[in-house]
Amino acid sequence: MSDEPEVEIYSSKFLRLTTQQRGEKVFDRVYIRDSVSVIILPSPRVIRFIKEESGYGGNPRLKLVSGYIEDDERASNAVQRELKEELGLIAGYWNMFLLSETPKEMVRKRRYYYTASDLVNCKSSPEEGEKILGYEDLSFEEVKERVLSLQFGTTETAFTLLKFVSEKGA
């Protein structure tokens, strides 16, 4: 028996679901749009976070500048666009720090983590619905402490932040 082609059963701006017959088995897959996050370094041993209104009515939360990669856009262009849109910053220096990728078997998701420094202010233009209240700068030591006390969003972001500050000497 041969494998049937993968068939799309749902598609939106951020998500695509497919199914594929392989012999007598059926495999469903979820493709999540690739995304970017940026670790902003306004000064040595300091990371800048967005302060954003929580969608759950609680206290504002801190998060990395993040966003989805648009169709036919490179990760390096998307991260620059997101930094400008969300905080009104242009970075003179960029470095791709980490690519986080889940295996393709059931769910495919990629997030590119960049660092940005040598910052210049410009006009921000947050997307509709984004409720950015400003930003907060934390030392590497504060970031490490907050990560270890489970104060940062996803496991993926927490791991990336801990890896970054640990490699840089926190």
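Give the residue that is least open to solvent (accessible area, probe 1.4 Å), with candidates limited to residues of the stretch 99-127 that are part of a strand (DSSP E or B) and of a type in the set (Gly, Ala, Ser).
The selected residue is Ala116.
Return the total of residues in the stretch 1-20 being open to solvent by less than 80 Å² (accessible area, probe 1.4 Å) and part of a loop (DSSP other than H, G, I, E, B).
Summing the residues that are open to solvent by less than 80 Å² (accessible area, probe 1.4 Å) and part of a loop (DSSP other than H, G, I, E, B) in the stretch 1-20 gives 2.
Do we find a residue being modelled with pLDDT of 90 or more, open to solvent by 90 Å² or more (accessible area, probe 1.4 Å), of a type in the set (A, V, I, L, M, F, W, C) and more than 25 Å from Glu85 (Cβ to Cβ) anywhere in the stretch 134-144?
no
Pairs only if they're at least six apart or on different chains, beta carbon under 8 angstrom, first in the stretch 146-165 and open to solvent by 10 Å² or more (accessible area, probe 1.4 Å), second among the basic types (Lys, Arg); list them, first residue then second.
These pairs meet every condition: Phe152/Lys63; Phe152/Arg146; Gly153/Arg61; Gly153/Lys63; Glu156/Arg111; Thr157/Lys63; Leu162/Lys144.
Within the stretch 73-97, work out how many residues are open to solvent by less than 30 Å² (accessible area, probe 1.4 Å), within 13 Å of the chain's Cα centre (by Cα) and not charged (D, E, K, R).
Matching residues across the stretch 73-97 total 4.
Would you check if Glu130 is of a type in the set (Asp, Glu), at pLDDT below 90, open to solvent by 60 Å² or more (accessible area, probe 1.4 Å) and within 27 Å of Phe14 (Cα to Cα)? Walk me through how you get there before you give the answer.
On the way: of a type in the set (Asp, Glu): yes; at pLDDT below 90: yes; open to solvent by 60 Å² or more (accessible area, probe 1.4 Å): no; within 27 Å of Phe14 (Cα to Cα): yes.
Considered against the rule, which asks whether it is of a type in the set (Asp, Glu), at pLDDT below 90, open to solvent by 60 Å² or more (accessible area, probe 1.4 Å) and within 27 Å of Phe14 (Cα to Cα), Glu130 comes out as no.
Please verify whether the stretch 67-85 includes one or more residues that are assigned to a strand (DSSP E or B) and not acidic (Asp, Glu).
yes
Pick from the stretch 21-56 the residues that are in contact with a Pro (Cβ under 7 Å, 6 or more places away or on another chain) and assigned to a strand (DSSP E or B): which of them is surrounded by the most Cβ atoms within 10 Å (Cβ to Cβ)? Step through it out loud before you land on a result.
First, pick out the residues of the stretch 21-56 that are in contact with a Pro (Cβ under 7 Å, 6 or more places away or on another chain): 48, 51-54.
Filter once more, so that each one left must be assigned to a strand (DSSP E or B): 48, 51-52.
Numbers: Arg48: 22, Lys51: 16, Glu52: 18.
Looking at residues that are in contact with a Pro (Cβ under 7 Å, 6 or more places away or on another chain) and assigned to a strand (DSSP E or B), I get Arg48.
Would you confirm, using the coordinates I've provided, whether Pro42 is over 15 Å from the mean Cα position of the chain (by Cα) and at pLDDT below 95? Break it down into steps so the answer makes sense when it comes.
Details: over 15 Å from the mean Cα position of the chain (by Cα): yes; at pLDDT below 95: no.
In short, no.
The values are calculated or read from the model by the stated rules, or taken from the named source; none is laboratory data. Source: prediction; values computed, not measured. For neighbour counting, all protein chains shown are included, and Cβ atoms are generated from backbone atoms with ideal geometry for every residue, glycine included. To get the accessible areas, we keep the full protein, side chains included, count just its heavy atoms, and leave off ligands, DNA and RNA. Shrake-Rupley method; radii C 1.70, N 1.55, O 1.52, S 1.80 Å.
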